1. Being more than 16 Å from Glu241 (Cα to Cα) and out of contact with any helix residue (DSSP H, G or I) (no Cβ under 6 Å at 6 or more places or on another chain) is the filter here; which residues of the stretch 209-227 pass it?
2. In the stretch 140-197, how many are outside any helix (DSSP H, G or I) and either touching a residue at least 60 places away in the same chain (Cβ under 8 Å) or under 30 Å from Lys8 (Cβ atoms) (or both)?
3. Of the residues Gln157, Gln151, which is open to solvent by less than 20 Å² (accessible area, probe 1.4 Å) and within 28 Å of Asn82 (Cα to Cα)?
4. Would you please name the residue that is most open to solvent (accessible area, probe 1.4 Å), looking only at residues in the stretch 28-50 that are hydrophobic (A, V, I, L, M, F, W, C) and within 16 Å of the ligand (Cβ to nearest atom)?
5. Given the criterion more than 16 Å from the ligand (Cβ to nearest atom), open to solvent by 30 Å² or more (accessible area, probe 1.4 Å) and modelled with pLDDT under 95, identify the matching residue among Thr119, Thr146.
6. What residue, among those in the stretch 51-70 that are within 16 Å of the ligand (Cβ to nearest atom) and in contact with a strand residue (DSSP E or B) (Cβ under 7 Å, 6 or more places away or on another chain), is nearest to Met216 (Cα to Cα)?
7. Exactly one of these conditions fails for Gln53: (1) within 15 Å of the chain's Cα centre (by Cα); (2) open to solvent by 30 Å² or more (accessible area, probe 1.4 Å). Give me its number.
8. Go through the residues of the stretch 101-113 one by one and say whether even a single one is open to solvent by 50 Å² or more (accessible area, probe 1.4 Å), within 18 Å of Met152 (Cα to Cα), within 15 Å of the chain's Cα centre (by Cα) and within 14 Å of the ligand (Cβ to nearest atom).
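The values are calculated or read from the model by the stated rules, or taken from the named source; none is laboratory data. In this text, all values refer to a predicted model and were calculated from it rather than measured experimentally. Counting neighbours? That spans all protein chains shown, and the Cβs are built from the backbone with ideal geometry, glycine included. What goes into the accessible areas is simple: the full protein's heavy atoms, side chains included, and nothing from ligands, DNA or RNA. Shrake-Rupley method; radii C 1.70, N 1.55, O 1.52, S 1.80 Å.
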Amino acid sequence: MSIEAVRKWYPKALTSIDTVNRLLDTIEKHIGLKPNQLMHADSMCCDDVNAIQYPPRAYEMLGPFHLGGLDGFPFAGITGMNAFAHHVPEDGAVVIFYAPHIGITKDGTIGEIGRIGQTGNSACCGAAKGALAKLSAGEIVEGNITSLDFQMNTIEQTFLHSKERILNAKNQIFEATEVMYEAIDDRIEVLVKQTAYPCKYVILVGAIFINGDRDMGSFCQYKKFEYIDLESGGRKSLMDEYYE
Ligand SMILES: [Zn+2]
């Protein structure tokens, strides 16, 4: 019953267990690489629920190297990207998984989850909901980025630059998460272009990571699954193969 609540918002969502199974199967079938030839980096929110609901089979890959900070933005930057790039098996690939996250409760409420040991629901992603509340209240100041709250301020600025789109949306936290995905995707593409990888392929997987209530586990809807052949520079999507 819980995946139905998720699919009201994300029609192609799968459980994160199925997601990783399909990811690894697709890579093996179409690129010919096994999990131990893959260096995995993720760019996900540092929220503890993502550690609790992390799909176990992802650990068959090397890593993960964590690029993400609040709501999955790759705050580790060019230094983080370079670091794991130089840990990859030479005949293998790097797999970069990036996703903002969002909670969906059993009854289909979006932007919240019931956490272990708590009776009420709490915000998920808390940072995104916090930035959205400030956006609605008109409290985000253009250009305000402080060292005390750098990551949060970056999310606030991202939302401010899509203010009309978010505030006019049918569901604001859903739309804000789409905006966040696009900001993460843009930044990952820039970072990838600026990094030299001593391996055969770069595999990019962009998604929305969906947290369920404490007994629901997590889900994932892919938005991008592409690989770059570093020798030819060619790029190919594996989305159709992934959903086969
Ligand atoms: Zn979060």
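1. Phe209, Asp213, Arg214, Asp215, Gly217
2. 11
3. Being open to solvent by less than 20 Å² (accessible area, probe 1.4 Å) and within 28 Å of Asn82 (Cα to Cα) holds for just one of Gln157, Gln151, which is Gln157.
4. Filtering the stretch 28-50 for residues that are hydrophobic (A, V, I, L, M, F, W, C) and within 16 Å of the ligand (Cβ to nearest atom), the one most open to solvent (accessible area, probe 1.4 Å) comes out as Cys46.
5. Thr119
6. Gln53
7. (2) is the only condition that Gln53 fails.
8. no
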